[in-house]
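Read the structure below first, then the notes.
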Amino acid sequence: MTKTTVLILLGPPGAGKGTQARMLEETFGLVQLSTGDLLRAAVAAGTEAGKAAKAAMDSGGLVSDEIVLAILRDRMAEPDTSRGVILDGFPRTAGQAAALDELLASQGMRIGAAISLEVDDAAMVERVSGRYTCAACGEGYHDSFKQPAVDGVCDKCGATGFKRRADDNAETVGARLAAYHEQTAPLITYYDGQGALRRVDAMGDIGRIAKDLAAIVESVAA
Ligand code: AMP
């Protein structure tokens, strides 16, 4: 594994980007970098960027490139990212993809793989609407597909508090899927043109998908 592995996870809301990024983080020691998480933290902290981002996030639209890029650059400047990063939910527009290429080039880094998690849109509303996470460690759960072994207790850390994202509801998911298809899906062609695209069937078993992703990471890091 080189120090500078950069992976991009592409896919609509509910495709499993966060779940898979966390698994890759554990397996390969890479750092998960989710612009959604960074923006939610900015909203919670009441920063200027957070205040400016909140309305777009609540409606399921995209936050401006300017705000997202400022947040991403700050995070990429932190030393832990030199171990390699998994970009989860970034880039989401052509402008962000171009800015990322420039940022990486200026640091002598390049994209190892842009992995498209391929799913059926129709299943995404149910996947997203039912999901929640452990408030302490962030482990993901789902009302229908993945309940903790002991009701109300996190399998991973034993905590008993859970949280749901405000935008994980059926109304907002529709807008988020539309934003994905209009602004983000064209990046699949962009990364294919760079020779970096890898496609993974992300509809099946989480463990099988994780294995497919791990094989890709091993091949690009070899
Ligand atoms: P996520 O956690 O990736 O589903 O992102 C939640 C919300 O944050 C999205 O619906 C957008 O409003 C915003 N967001 C996250 N990442 C980006 C990005 N790269 N560009 C624009 N908006 C973003």
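Annotations
- Summary of packing: across the peptides 207-216, 43-52, the per-residue average of other C-beta atoms within 10 Å ranks them, highest first, as 207-216, 43-52.
- For the chain, carbon and sulfur atoms together expose 53% of the accessible surface, with a 1.4 angstrom probe and every protein chain in place.
- Length added when fully stretched, Thr189-Ser219, from 0.36 nm per residue minus Cα-Cα: 8.7 nm
- Solvent-accessible surface of the chain, taken per residue with a 1.4 Å probe and all protein chains present: 48 Å².
- Alpha-carbon centroid distance for the pair the range 1-42 / the range 77-112, whole angstrom: 12 Å
- Lys-Lys pairs in the chain that are eight or more residues apart or on separate chains and whose Cα atoms lie under 17 Å of each other come to 4.
- Order by protection proxy (mean Cβ within 10 Å, highest first), peptides 118-126, 79-87, 156-164: 79-87, 118-126, 156-164
- Modelled FRET efficiency - R0 30 Å, Val153 with Ala122, Cβ distances, 0.05 increments: 0.40
- Rounded to the nearest 0.05, the FRET efficiency derived from the C-beta distance between His181 and Asp143 at R0 = 22 Å is 0.30.
- Dimensionless Rg over Rh [the chain; C-alpha; Kirkwood]: 0.94
- With a cut-off of 14 Å between beta carbons, the residues surrounding Leu62 carry a summed charge of -2, where Lys and Arg count +1 and Asp and Glu -1.
- Local electrostatic count at Asp168 - Lys and Arg +1, Asp and Glu -1, tallied over other residues with Cβ under 15 Å: +3
- Residue-span extension gain [Lys163 to Ala44] - 0.36 nm each, minus C-alpha spacing: 41.4 nm
- Alpha-carbon gyration tensor eigenvalues x 5, square-rooted, for the range 130-219, Å: 30, 20, 11
The values are calculated or read from the model by the stated rules, or taken from the named source; none is laboratory data. Computed from a predicted model, the values in this text were never measured in an experiment. Positions of Cβ are generated from backbone atoms using ideal geometry, with glycine treated the same way; all protein chains shown enter the neighbour counts. The accessibility values were calculated without ligands, DNA or RNA, using every heavy atom of the protein model including side chains. Shrake-Rupley method; radii C 1.70, N 1.55, O 1.52, S 1.80 Å.
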